[in-house]
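What follows is a set of notes on a single structure, which appears directly below.
The values are calculated or read from the model by the stated rules, or taken from the named source; none is laboratory data. Keep in mind it's a predicted model, so treat the numbers as computed, not measured. Every residue, glycine among them, receives a Cβ derived from its backbone with ideal geometry; neighbour counts consider all protein chains shown.
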């Protein structure tokens, strides 16, 4: 029963991560298009997609939480049963934890992307003003 629960939580975390990755692929692509050059944008997009999967699966499949179903710390009367209610709770936790982990990853990405965007804009304005000064001096 434990192996089934482990496989189910892994598959759910994988599916949720895939859906979130697809949902955010266009915004990430556009943001990176404004910040970095085209040749490196593809690599960064692929890396962020990979990170979404890794963070989502590792956040959704909580090995330490699932360990309570197989460890010998519990006596037979103390060990939690894997009944229908427990399965529903574990599936719900998997979905929520996967989404929460990915949300933190994407929040971090968007904060750093916003900072990078501001820096690129400031550098672009300085470059334009330097070009305008050179034209005036010529």
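Inspect all residues belonging to the stretch 67-75 and state whether any of them is farther than 30 Å from residue 120 by Cβ, over 11 Å from the mean Cα position of the chain (by Cα), touching a residue at least 40 places away in the same chain (Cβ under 8 Å) and surrounded by 11 or more Cβ atoms within 10 Å (Cβ to Cβ).
yes
So residue 23 ticks every box in (1) surrounded by 16 or more Cβ atoms within 10 Å (Cβ to Cβ); (2) at pLDDT 90 or above but one. Which box is left unticked?
So residue 23 meets the others, but not (1).
When you go through (1) out of contact with any helix residue (DSSP H, G or I) (no Cβ under 8 Å at 6 or more places or on another chain); (2) closer than 19 Å to residue 16 by Cα; (3) at pLDDT below 90 one by one for residue 73, which number turns out not to apply?
Checking residue 73 against (1) out of contact with any helix residue (DSSP H, G or I) (no Cβ under 8 Å at 6 or more places or on another chain); (2) closer than 19 Å to residue 16 by Cα; (3) at pLDDT below 90, the one that fails is (2).
Here's the yes/no breakdown for (1) loosely packed, with under 14 Cβ neighbours inside 10 Å; (2) modelled with pLDDT of 95 or more; (3) part of a helix (DSSP H, G or I):
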residue	(1), (2), (3)
102	no, yes, yes
109	no, no, yes
115	yes, no, yes
120	yes, no, yes
123	yes, no, yes
126	yes, no, yes
129	yes, no, yes
132	yes, no, yes
136	yes, no, yes
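Among (1) crowded, with 16+ Cβ neighbours inside 10 Å; (2) under 15 Å from the mean Cα position of the chain (by Cα); (3) within 28 Å of residue 123 (Cα to Cα), which single condition is residue 60 missing?
Of everything listed in (1) crowded, with 16+ Cβ neighbours inside 10 Å; (2) under 15 Å from the mean Cα position of the chain (by Cα); (3) within 28 Å of residue 123 (Cα to Cα), residue 60 misses just condition (3).
Just need a number here: residues in the stretch 17-41 that are without any contact (Cβ under 8 Å) to a residue 60 or more places away in the chain and farther than 13 Å from residue 117 by Cα.
Matching residues across the stretch 17-41 total 13.
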